Amino acid sequence: MTYFETLKRSYTDVDTSKGVDTEQFLEATEGLVKLFDLLGSAAFSVVQNDMNGNIKKIRDRYLSNPTANNTLEELMKNEAPEKKRVATEGLLWLTRGLDFTAQALRRSLSDPAEELNTSFTKAYEQTLKKYHSIIVRPVFALAMKACPYRKDFYEKIGVVNDAAMAQMKAWLEALENIISIIQNVFKANPAYIKGM
């Protein structure tokens, strides 16, 4: 059984037809956070804690009015007039974390000769590094160095044959699509993240 078969919800099952379904997105993202457990290093707890904190901010907002906040787009739009946009800021940071993870996994899939620590380090440099202070950067650098060997990681997540690889690729493509949708909403509505 692959890691992807253990998920409560895969990104491939998140409805994006009328916007990104908030509840389904949160369920899928909770599954992604568990992926860091399989990297087998306590150094990744910083990443997990950050992502879980941002998931909670979005979920709290969603639960305050599930009908009005049923998509991420609606949630951001509804929160935009407020002085403190807690869920929107949480989504901004969560999306950055997801982009980092997706880019690391994409690099790993695209170059089977590249070890995970390199894939994750390069992805970090492309995504999160520019937003992190000089205090946070060394913590992430340590986490990247703690990545397991590529072969061990793929065995741990059960991606050991073509069918499992196809499953991982579909999951990753769906995640990348959702990241792109969210990033485009932020680009089209700079006021959502003004002052963040």
The chain, relative contact order in percent, only Cα pairs under 8 angstrom and at least six apart counted: 27
Shape category assigned to region 81-140 from the gyration tensor of Cα positions, a/c cut at 1.5: oblate
Entries of Lys18/Lys56; Lys8/Lys169; Lys8/Lys77; Lys57/Lys169; Lys130/Lys194; Lys145/Lys194 with Cα pairs more than 25 Å apart: Lys8/Lys77; Lys57/Lys169; Lys145/Lys194
Region 1-41 and region 133-185: distance between their alpha carbon centers, rounded to Å: 12
Derived scalar couplings ³J(HN,Hα) [region 123-138; Karplus, 6.51 cos²θ - 1.76 cosθ + 1.60; whole Hz; x for Gly, Pro]: 5, 4, 4, 7, 10, 6, 3, 5, 9, 9, 6, 5, 7, 7, 3, x
Cα-based radius of gyration of region 33-97 once divided by 2.2 N^0.38 Å, which approximates compact folds: 1.25
Magnitude of the charge dipole, region 33-141, Cβ model with Lys/Arg +1 and Asp/Glu -1, debye to 20: 320
Within the chain: Cβ-based charge dipole about Cα centre, in debye rounded to nearest 20 (Lys, Arg +1; Asp, Glu -1): 740
Helical contribution to [θ] at 222 nm, DSSP H n ≥ 4, -39,500 (n - 2.57), averaged over the chain, rounded to 500: -20000 deg cm²/dmol
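Can you compute the charge dipole magnitude of region 95-191 about its Cα centre, using +1 on each Lys and Arg Cβ and -1 on each Asp and Glu Cβ, nothing else charged? Give it in debye, rounded to the nearest 20.
380
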Signed unit charges on C-beta, dipole axis of region 1-150, positive-most listed residue Tyr131, Thr95, Phe4: Tyr131
Most positive-pole-ward Cα, Gly19, Asn78, Ile55, against dipole of region 1-142 from beta carbon charges: Asn78
Per DSSP, loop chymotrypsin sites (Phe, Trp or Tyr not before Pro) in region 141-175 with at most 15 further Cβ within 10 Å: Tyr149
Percent accessible area from carbon and sulfur atoms, region 1-147, protein chains only, probe 1.4 Å: 51
Aspartates and glutamates with Cα under 14 Å of Lys156, excluding same-chain neighbours fewer than 8 positions away: Glu5, Asp37
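Once the Cβ-Cβ distance between Ser64 and Thr12 is put in as r, and R0 is 22 Å, what FRET efficiency do you end up with, to the nearest 0.05?
On the way: r = 28 Å, r/R0 = 1.29.
Step by step, r from the Cβ atoms, then E = 0.20.
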Å² of accessible area per residue within region 43-114, as computed with a 1.4 Å probe and no ligands counted: 45
Nitroxide proxy distance, nm - points 7 Å out along Cα→Cβ at Met165 and Ser41: 2.5
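The values are calculated or read from the model by the stated rules, or taken from the named source; none is laboratory data. Because the structure is predicted, anything quoted here is derived from the model rather than measured. Every residue, glycine as well, gets a Cβ built from its backbone with ideal geometry; the counts of neighbours run over all protein chains shown. Just the protein is used for accessible areas: all its heavy atoms, side chains included, with ligands, DNA and RNA removed. Shrake-Rupley method; radii C 1.70, N 1.55, O 1.52, S 1.80 Å.
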